[in-house]
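*Asks:* Let me give you the structure first, and then I'll get to my questions.
The values are calculated or read from the model by the stated rules, or taken from the named source; none is laboratory data. Nothing here was measured: the structure is a model prediction, and the numbers come from that model. Backbone-built Cβ (ideal geometry, glycine too); neighbour counts: all protein chains shown. When the accessible area is computed, the model is the full protein with side chains, heavy atoms only, and any ligands, DNA or RNA have been set aside. Shrake-Rupley method; radii C 1.70, N 1.55, O 1.52, S 1.80 Å.
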Amino acid sequence: ENLAPLSSLKDLFISNNYFYGSIPNSIRSLVRMERLHLDHNVLYGTIPDDILSLVRLRELKLSHTRQGRQCFHHLWECSMIIKDYKGGDLCCYRNDGTQVCADESKVEIEDPDICLTPEIYGTIPVGFSNTPYLRVLELSNNALTGNIPPEIGALSRLEVLDLTNNTLTGSIPSALGALADATVLLRGNEMIRGQSTNTKIAPLSVCSNMHGLDLLDDPTWCPPERNLLREFYEDAKGQEWTIATGWVDEFSNHCDWYGVECNEEGKIVNLTLGNVGLSGRISSAIVNLTSLEKVDFHDNDLKGSIPSQIGNLLNLSSFIISYNRITGTIPDRLADLSQLQILHLHGNRLQGTVPRLSSKGHTKSSF
């Protein structure tokens, strides 16, 4: 386990072999190490904190060590009698002659068998601030537990973070949202939750900023309409609103945000934000909230134009944007809104002509 003679080593690639054993604390002796690939072996035990003393480390691959629980006859395959086992690491032999080893915590005695579970387990070490050059961190397909260290989000050079298929718990740290350009893989950790143990939801900043997140297309973890509301909030200068309860909270359900009403399927149907200090512009993101039935932005300070694709909102029955500072013309696609019954555009700076509207009736409309 003495690695001091290898202190000048920069790259160590031993992937896809049958190396067995635990990672020694003397790993800290590899002070020049930049790329350490130990994946696809039969390693076991915990990841030593000393591995994060390798300040030049750029790639750490320690994935695919989980071999599953395997049982052996104590005398024939482990070359020992059960009563002689006094603890510590233990190795047994498969029929093909390869060894299977585990440390004491993963050895189970079931006379006449000894069962071993060789795997990397325990928590992910804390101290990634010591490895600022890290580009690749692969720890997938192990038995790691505990929380994802938030400090990983500060690794500005990180390109790949793979934590798939472990038994991690806790919530996804909001700090990971800073890894905007990285590929981040988290699937297969069934015990990860939102802030509440009863919900699965990723932080809003993570879903909004991380284009390489493997959970991005999962509407449970990253509800797409929540991201759209965040765009609306930013374009309408949400930080200046007089009432914005719940808005852009990292873990809250967007259906609970002030002025937002959803149907039983969790789709936004009403957006009621009259007289709350909206400014900026009406974000084009709202045209993708295709279940919207009512929009009310009256008595605010919105500028810019009405989104040209407003006709996408085929369920819209009420559109109220009176007493703002909206400019430009009324989009022709407003005529596509066959369900529209209430249209209030007065008190703005609109010009041009009014498109021919559906004959369904607009008895409460005004311009």
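*Asks:* Any residue that is touching a residue at least 40 places away in the same chain (Cβ under 8 Å), open to solvent by less than 30 Å² (accessible area, probe 1.4 Å) and of a type in the set (S, T, N, Q) - is there at least one of those in the range 170-185?
*Replies:* no
*Asks:* Determine the pairs where a residue that is over 18 Å from R281 (Cβ atoms), located within the range 238-263, has a partner that is charged (D, E, K, R) and surrounded by 15 or more Cβ atoms within 10 Å (Cβ to Cβ) with Cβ atoms under 7 Å apart, the partner being 6 or more residues away or on another chain.
*Replies:* H254/E225; H254/R226
*Asks:* Ok, one more. If you go through the range 229-241, how many residues are open to solvent by 30 Å² or more (accessible area, probe 1.4 Å) and either assigned to a helix (DSSP H, G or I) or at pLDDT below 95 (or both)? Break it down stepwise before answering.
*Replies:* At the first step, the residues of the range 229-241 found to be open to solvent by 30 Å² or more (accessible area, probe 1.4 Å) are 230-231, 233-235, 237, 239-240.
Keeping just the survivors that are either assigned to a helix (DSSP H, G or I) or at pLDDT below 95 (or both) gives 230-231, 233-235, 239-240.
The qualifying residues number 7.
*Asks:* I've got another one for you. So, in the range 300-316, how many residues would count as being part of a loop (DSSP other than H, G, I, E, B), open to solvent by 30 Å² or more (accessible area, probe 1.4 Å) and farther than 21 Å from Q351 by Cβ?
*Replies:* Residues meeting the conditions: 2.
*Asks:* Another question about this same structure. Residue check: is L350 open to solvent by less than 70 Å² (accessible area, probe 1.4 Å), over 25 Å from T245 (Cα atoms) and either without any contact (Cβ under 8 Å) to a residue 24 or more places away in the chain or basic (K, R) (or both)? Give the steps one after another, and end with the answer.
*Replies:* Values: open to solvent by less than 70 Å² (accessible area, probe 1.4 Å): yes; over 25 Å from T245 (Cα atoms): yes; either without any contact (Cβ under 8 Å) to a residue 24 or more places away in the chain or basic (K, R) (or both): no.
No; evaluated as a whole, the condition is false for this residue.
*Asks:* Among the residues of the range 53-61, is any open to solvent by less than 60 Å² (accessible area, probe 1.4 Å) and of a type in the set (V, I, T)?
*Replies:* No; the residues of the range 53-61 include none that is open to solvent by less than 60 Å² (accessible area, probe 1.4 Å) and of a type in the set (V, I, T).
Here's the yes/no breakdown for (1) at pLDDT below 95; (2) farther than 26 Å from K10 by Cβ; (3) among the polar types (S, T, N, Q); (4) touching a Leu at 6+ places or on another chain (Cβ under 6 Å):
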{"position": "L134", "(1), (2), (3), (4)": "no, no, no, yes"}
{"position": "I152", "(1), (2), (3), (4)": "no, no, no, no"}
{"position": "E159", "(1), (2), (3), (4)": "no, no, no, no"}
{"position": "T167", "(1), (2), (3), (4)": "yes, yes, yes, no"}
{"position": "D181", "(1), (2), (3), (4)": "yes, no, no, no"}
{"position": "R193", "(1), (2), (3), (4)": "yes, yes, no, no"}
{"position": "T197", "(1), (2), (3), (4)": "yes, yes, yes, no"}
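*Asks:* If I go through the range 319-342 residue by residue, how many of them are open to solvent by less than 30 Å² (accessible area, probe 1.4 Å) and more than 19 Å from R281 (Cα to Cα)?
*Replies:* Residues that pass the stated criteria total 2.
*Asks:* Then there is this: Which ones in the range 7-26 are within 25 Å of D89 (Cα to Cα) and outside any loop (DSSP other than H, G, I, E, B)?
*Replies:* Hits for the range 7-26 are L12, F13, Y20, G21, N25, S26.
*Asks:* Could you grab me the full set of residues in the range 266-290 that are under 18 Å from G246 (Cα atoms), surrounded by fewer than 16 Cβ atoms within 10 Å (Cβ to Cβ) and free of Cβ contacts under 8 Å to residues at least 40 places away in the same chain?
*Replies:* N275
*Asks:* Being hydroxyl-bearing (S, T, Y) and either part of a loop (DSSP other than H, G, I, E, B) or within 24 Å of the chain's Cα centre (by Cα) (or both) is the filter here, so list the residues in the range 27-66 that pass it.
*Replies:* Residues satisfying the conditions are Y44, S63, T65.
*Asks:* Of all strands (runs of 3 or more DSSP E) completely enclosed by the range 124-206, which ones contain at least 2 residues that are touching a helix residue (DSSP H, G or I) at 6+ places or on another chain (Cβ under 6 Å)?
*Replies:* none
*Asks:* Out of S29, S7, S22, I need the residue that is in contact with a Gly (Cβ under 6 Å, 6 or more places away or on another chain), open to solvent by 10 Å² or more (accessible area, probe 1.4 Å) and of a type outside the set (D, E, K, R). Which one?
*Replies:* Exactly one residue qualifies, and that residue is S22.
Conditions (1) of a type in the set (D, E, K, R); (2) within 22 Å of L168 (Cα to Cα); (3) open to solvent by 70 Å² or more (accessible area, probe 1.4 Å); (4) in contact with a strand residue (DSSP E or B) (Cβ under 8 Å, 6 or more places away or on another chain), marked per residue:
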position	(1), (2), (3), (4)
K200	yes, yes, no, yes
G212	no, yes, no, yes
D218	yes, yes, no, no
C222	no, yes, no, yes
G259	no, no, no, yes
E264	yes, no, yes, no
K294	yes, no, yes, yes
